[in-house]
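Working notes for the structure below.
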Amino acid sequence: WLREWFGRRGPVPEPWADYFEAGALDSLAVVELVADIEKSFSVRFEDKHYQERRFSTLGGLAKIIAELSTPRVP
C-alpha cells in the first residue's frame, strides 16, 4: 500500500531510506499520507508515532501501521 501511495507521487524511496531527506514528501504530503493511512487501515496515529525515527521510512512506517492494526490483548 505504501509503495503504491508513494509511487503515485514520484519515485518510491528505498524501504529504510528517510523519505523526508529523499525529498519524497513535504509537510502537506505528510498530512495527506497520515489521513490516507488512518482511513485505509482504520487506525489512529498518536503524537508519539510522529516523533519516532521509524516514522520517516517506508519500512518503519509499515511496522507502525502493523502494530496499530494488531488488536490489543487486555
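Every number in this text was worked out from the coordinates using simple rules, so none of it is lab data. Model, not experiment: these values are computed from the prediction. All Cβ positions, even for glycine, are placed from backbone atoms using ideal geometry, and neighbour counts span all protein chains on display.
Name every residue in segment 47-74 that is among the basic types (Lys, Arg) and either touching an Asp or Glu at 6+ places or on another chain (Cβ under 6 Å) or not in a helix (DSSP H, G or I) (or both), in order of residue number. Listed by number, the list holds a single entry, Arg72. Scan segment 28-46 and tell me whether some residue there is under 14 Å from Ile65 (Cα atoms), of a type in the set (Lys, Arg), part of a loop (DSSP other than H, G, I, E, B) and touching a residue at least 12 places away in the same chain (Cβ under 8 Å). Within segment 28-46 (the criterion being under 14 Å from Ile65 (Cα atoms), of a type in the set (Lys, Arg), part of a loop (DSSP other than H, G, I, E, B) and touching a residue at least 12 places away in the same chain (Cβ under 8 Å)), the answer is yes, since at least one residue qualifies. Condition first: within 8 Å of the chain's Cα centre (by Cα) and not hydrophobic (A, V, I, L, M, F, W, C). Now tell me which residues in segment 32-72 satisfy that. Answer for segment 32-72, where residues must be within 8 Å of the chain's Cα centre (by Cα) and not hydrophobic (A, V, I, L, M, F, W, C): Ser56, Thr57, Gly60. Taking Ala22, is it touching a residue at least 24 places away in the same chain (Cβ under 8 Å), aliphatic (A, V, I, L, M), surrounded by 12 or more Cβ atoms within 10 Å (Cβ to Cβ) and out of contact with any Lys or Arg (no Cβ under 7 Å at 6 or more places or on another chain)? Judged against the criteria, Ala22 is not a match. Taking segment 1-17 as the range and being in a loop (DSSP other than H, G, I, E, B) and surrounded by 15 or more Cβ atoms within 10 Å (Cβ to Cβ) as the test, the residues that pass are Val12, Pro13, Ala17.
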